[in-house]
Structures are given as structure tokens and as C-alpha cells.
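The values are calculated or read from the model by the stated rules, or taken from the named source; none is laboratory data. Values in this document were obtained by computation on a predicted structure and should not be read as measured data. Cβ coordinates were reconstructed from backbone atoms using ideal geometry, including for glycine residues, and neighbour counts include every protein chain displayed.
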Amino acid sequence: MKHEWLKEILGEGYTEEVDKKVAEKIGELFVSRADFNEVNETKKNLDAQIKSKDKDNGDLNKTSGGNEELQRKYDELQEKYTSETEVLNKKISDSQKESAIDLAIFKAKGKNPKAIKALLDMEKITLKADGSLEGLDLESLKKSDGYLFDIETKKGVGTGFTKGTTEGTGKDVNAQIAKAMGIKTN
């Protein structure tokens, strides 16, 4: 997959390897436009359904007047409207919660969000009004199932038993150990 825009920016510094690394990072750091548009369209559709129900409810309430039959139908529709609104609001809330969990897994460098979610108790996770998640503990999951995450490891300098250098000094480690033990070296 070549990114012509990247080639324009980098000029002679552009290589296939750079293109590949950029494509990988873009895939890790950003939600695809298609996924974003899908969630956005779902929200718009659900909002439109709620508005339609509100309009129908208002129209029926105006025409019912004093007629008992119409009042009974109005009450039935009001109950139906209330339950459907609750269902639609739950769908919106669930969609937002799923997106927030996916984002948190992504930020924690999760390799397989579906597998990670299978290990989470989704009932204990709640989405707060500010968009943060309560009850999501990815750190303990990293400890118990670290293979599901990209975990950065740091390499030390030398082994401590063979020749090596201390960071930035350029001095022989064995000579420093011998000096610390009071042994003379050449």
C-alpha cells in the first residue's frame, strides 16, 4: 500500500519500509473512517427515531381531546414510546460504551480487542458522563494475560558478569567491580 502523500512530504527520504511503518502506525493509532462513520450513522438513525416518536406523541396528544377511546390509545402509545425510547437510549449508550472500551484497549496496546473483551466483566464497566470508564482494569489483565498486549521491554547494558560498559562512562565494568572489592588491576 503506497501512500503518495507521504512520498510528497518526504521526497528522497521516502522508502517502501518507511511507507510500511507509517501504514502500521496509522492502523494502530487511528479509528478507521468506515468504523467512525458506521457508529455515527447508527447514532443519527437512533436520534431520528426518537425525534419521530416525539412528534407522533405530540400530534396524538393534541387530537385526543376528551375522547376516552383516543385517550386509552394515547396512553398505550405513550407506554410503547417510553419503552422504545429506553431501548434506543440503551443502544446509544451501549454503542458509546463499546467505543470507549475499544479506545481504551487500543491505548493499552491490546493486540486482539475481541479476545480482551471476552475476559472483561462488561456488566461491571460503566461509562461516565465525562466519557471515562469506571470498572475497566486493563492493568491487571496485562499482568495475568500479557500475551494479549504489546508490552515494551527494556534491555540492560551488559550482564554484570562479562565485560561491558556502564551507561555513558566507557569504563570497563570488571575493573570497576575489582576496584570496589579492593583488588588492584593493571
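Does any residue of the stretch 68-75 turn out to be exposed (fewer than 11 other Cβ atoms within 10 Å of the Cβ) and modelled with pLDDT under 85? Yes, there is a match, as at least one residue in the stretch 68-75 is exposed (fewer than 11 other Cβ atoms within 10 Å of the Cβ) and modelled with pLDDT under 85.
Could you tell me whether any residue of the stretch 112-132 is touching a residue at least 60 places away in the same chain (Cβ under 8 Å), over 30 Å from Ser52 (Cβ atoms) and part of a helix (DSSP H, G or I)? Within the stretch 112-132, not a single residue is touching a residue at least 60 places away in the same chain (Cβ under 8 Å), over 30 Å from Ser52 (Cβ atoms) and part of a helix (DSSP H, G or I). If I filter the stretch 34-54 down to residues being of a type in the set (A, V, I, L, M) and surrounded by 12 or more Cβ atoms within 10 Å (Cβ to Cβ), which single residue comes out as nearest to Lys97 (Cα to Cα)? For the stretch 34-54, the residue satisfying everything is Val39. With respect to the conditions (1) farther than 23 Å from Phe36 by Cα; (2) polar (S, T, N, Q); (3) touching a strand residue (DSSP E or B) at 6+ places or on another chain (Cβ under 8 Å), Ser140 lacks only one, and its number is (3). Return a yes/no flag: does the stretch 120-129 have any residue that is touching a helix residue (DSSP H, G or I) at 6+ places or on another chain (Cβ under 6 Å) and closer than 30 Å to Asp150 by Cα. The answer is yes; a qualifying residue exists. Tell me which of these Ala104 doesn't satisfy, since it passes every other one: (1) surrounded by 14 or more Cβ atoms within 10 Å (Cβ to Cβ); (2) in a loop (DSSP other than H, G, I, E, B). Exception for Ala104: condition (2). If the condition is being surrounded by fewer than 16 Cβ atoms within 10 Å (Cβ to Cβ) and either under 23 Å from Phe30 (Cα atoms) or among the aromatic types (Phe, Trp, Tyr) (or both), then the stretch 107-127 contributes Lys107, Lys109, Lys111, Asn112, Lys114, Ala115, Lys117, Ala118. Under the condition of being part of a loop (DSSP other than H, G, I, E, B) and under 14 Å from the mean Cα position of the chain (by Cα), which residue from the stretch 133-145 is nearest to Ile92 (Cα to Cα)? The residue in question is Leu136.
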